[in-house]
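Reviewing the structure listed below.
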Amino acid sequence: MKLNLFPSWAQRTADPEQFVESATGKKAAAEPAAPALNEEQLALVGVLHQLLQTLPQAYSGRESVKRLCQMILPASQHIRLVWVGFCQDDSGAAIKPTAIVGKALSESDHWQLSKDCFDYVAPFAQEADWEAGHDSDFQSLFAPWQAHPEKCSATAALAIPLRSEKARMHGMMVFYADRHDYFADTGYASFQAFGHVCEVIWKQSNLSHLLTRQAQLDSLTGLLTRRRIVHVYEEAVAATATDESPLSILYCQLDEFHKINDLYGWAVADNILAAFAKDTGGQLRKSDSGGRWNATEFLYVLPATDTVDAENLAAAFLGHFKHHPVNIENWSIRLALSVGVATYGADGRGLDELIHYATQHLHSSSTVAEDEL
């Protein structure tokens, strides 16, 4: 079903003396016609039509927001810049743009806006008045020009706050024009509509990112899923073929974990698994990746790591959990685990081969007494 989101201005500006038939069959005077749009407003409405027809259904976040800004610029010779940015409550005082396009882009060395701008909940306009002092409200939107006001070709700005379902997230779309009265003459409606389109892109992008993370991360441990860690391994093998760097895996399994489940229950056992995954992350390098291979088995892909380095990491794993019990709620529980390593090429090439080799050469932590579990 095709929706007509915009009124037919040709119909709305028709002869006001026209009459329409009412439900009773009597003729009633039509409502007064809306004022005709000027050329600038018609051009902006045309862009909105084009956006709804051509905006891709598969949103790609930053690129789609930038494309939206680029489509707006040709509609008006007076718009000098379109700026879009997002921030969270814990963001710094200055916010860098997610997308920024326009002829005025080269006029400032640093395009950042104050986080205070994002506190507004309704559209707000400002005009450049360089003699008003740096404490004037207008400085918030014109902050990028503070160091070089002589370079500023924009004289008016209109900020459209962008809403998100997340209370801590804030967004803003700012339009800059080279006429003081531009936004007053043109009105806010079209720019608010552009803001709504930007909101849709933003929300769809966040949803897509969330769904991707859910598909790639194990919900309990936060580590990669089995399918994802296989993909990471394949990418690491491809990189190894290019730069001839070593590649190893580390396979880790928690021994007799069923005892913990029996003694403390599944809820505590789940928390222990999550805590274990977090602790292992502290032993890894940024280039390493960890995944949950099975219920109590974990696989770590170690790029640029030969057998010696992999064995050292395995020893570090065993040593850490031997001397550092996992603390959950009021429990301090010492885990028993076994760790094995395998190196690509020397111990096999397929992931199944490497895992088989690692499981045949496991190093175990010292067996713990049952009362320690």
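The values are calculated or read from the model by the stated rules, or taken from the named source; none is laboratory data. Quick caveat: nothing in here was measured; it's all calculated off a predicted structure. All Cβ positions, glycine included, derive from the backbone under ideal geometry; neighbour counts span all protein chains shown. Areas reflect the complete protein model, heavy atoms only, side chains present, ligands, DNA and RNA absent. Shrake-Rupley method; radii C 1.70, N 1.55, O 1.52, S 1.80 Å.
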Count of residues meeting criterion [among the polar types (S, T, N, Q) and open to solvent by less than 50 Å² (accessible area, probe 1.4 Å)] in the range 254-275: 0
Number of positions in the range 110-124 that are assigned to a loop (DSSP other than H, G, I, E, B), among the hydrophobic types (A, V, I, L, M, F, W, C) and farther than 22 Å from HIS148 by Cβ: 2
Enumeration of residues in the range 95-113 that are surrounded by 15 or more Cβ atoms within 10 Å (Cβ to Cβ) and within 23 Å of the chain's Cα centre (by Cα): ILE95, PRO97, THR98, ALA99, ILE100, VAL101, TRP111, GLN112, LEU113
Members of the range 348-360 found to be open to solvent by less than 100 Å² (accessible area, probe 1.4 Å) and under 15 Å from THR240 (Cα atoms), listed by number: GLY348, GLY350, LEU351
Pairs where the first residue, in the range 319-334, is touching a residue at least 40 places away in the same chain (Cβ under 8 Å) and of a type in the set (Lys, Arg) and the second is assigned to a strand (DSSP E or B) and open to solvent by 40 Å² or more (accessible area, probe 1.4 Å), C-beta under 6 Å, 6+ apart: none
Restricting the range 276-307 to residues that are closer than 16 Å to ALA336 by Cα, crowded, with 17+ Cβ neighbours inside 10 Å and among the hydrophobic types (A, V, I, L, M, F, W, C), the residue that is nearest to the chain's Cα centre (by Cα): ALA277
Close pairs from the range 114-141: first closer than 19 Å to ILE95 by Cβ and of a type in the set (A, V, I, L, M, F, W, C), partner at pLDDT below 80 and not in a helix (DSSP H, G or I), Cβ under 8 Å, at least 6 apart: PHE138/ALA132
Number of positions in the range 124-147 that are modelled with pLDDT of 85 or more and open to solvent by 40 Å² or more (accessible area, probe 1.4 Å): 2
Scope the range 75-91; condition open to solvent by 30 Å² or more (accessible area, probe 1.4 Å), in contact (Cβ under 8 Å) with a residue 12 or more places away in the chain and more than 22 Å from LYS203 (Cα to Cα); matching residues: HIS78, ARG80
